[in-house]
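Structure record follows, encoded as structure tokens.
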Amino acid sequence: MKFTAEDIQAGQILLVDKPLDWTSFNAVNKIKWKLKREFNLKKVKIGHAGTLDPRATGLLVICTGKATKQIPQIQDASKEYWAEIKIGVQTESYDTEKPEILPQDISGITEANIHDALKKFLGEIDQKPPIFSALKVDGKRAYDLARAGQEVDIKVRKTTIHYIDRVEINLPYISFYVGCSKGTYIRSLAHDIGQELGVGAYLTQLRRTKIGEYTIENATVDYLENEYRFGDTEE
């Protein structure tokens, strides 16, 4: 599907497969630059519908023009992720940003233990976001405070885990798909699963596969490639 400048301004929804180590802000800026260059536009209204951590890959919904009005609605939709966690060890960031600490023996952990632990996180749960997150604490980003070695006080909040399924166990690694409400931190879920098992855990891989009606199968990396071209998108 080929777009025109009028199409971009009228509003398009672009489904991007965000690569590892890109920030959501980086992806939006690169697409904005390409749109301005391709269509000779001075201004492009553009934004994303839900941040994806740099260490995560997968679906990033980007809206242009009048479609940016849909961002709050898309952000509020349920999400699905594929996650891989490693048990028997932890990290301060709950993911691969920080080095492993606190190794534990996992020889006594059975598949039954794991399935029982996962079931305890279904439904509405109390979750404490990681201190290495973009949440604001006293007007500052939590990760900036944490990286500066300052104490970060983040309050517990409610979130909902709709399902955890397609579980694969290859110890020390466990992978699964998780459907969840807006604002759920899968890094915190990984950490909490490790605490429930009594041996610790952290998130090793994360890929967002769905946001509401939008799926990773319809996403593309074309928008982020050096040679600019558009692929098909859902609207």
### Message
Quick test for you: out of 106, 85, pick the one residue that is in contact (Cβ under 8 Å) with a residue 60 or more places away in the chain, under 23 Å from residue 165 (Cα atoms), open to solvent by 10 Å² or more (accessible area, probe 1.4 Å) and among the aliphatic types (A, V, I, L, M).
### Response
106
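Give 52, 60 a once-over and let me know the one that is on the phi < 0 side of the Ramachandran plot, among the hydrophobic types (A, V, I, L, M, F, W, C) and in contact with a His (Cβ under 8 Å, 6 or more places away or on another chain).
On the way: 52 fails: in contact with a His (Cβ under 8 Å, 6 or more places away or on another chain).
Residue meeting the stated conditions: 60.
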### Task
Restricting attention to helices (runs of 4 or more DSSP H) lying wholly within the range 1-96, give those where 1 or more residues are outside the structural domain of residue 130 (by the TED database) and modelled with pLDDT of 90 or more.
24-39, 71-75
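The values are calculated or read from the model by the stated rules, or taken from the named source; none is laboratory data. Just so we're clear, the structure is a prediction, and the values are computed from it rather than from any experiment. FYI the Cβ positions are ideal-geometry reconstructions off the backbone, even for glycines, and counts take in every protein chain you see. These accessible areas exclude ligands, DNA and RNA; they are computed on the full protein's heavy atoms, side chains included. Shrake-Rupley method; radii C 1.70, N 1.55, O 1.52, S 1.80 Å.
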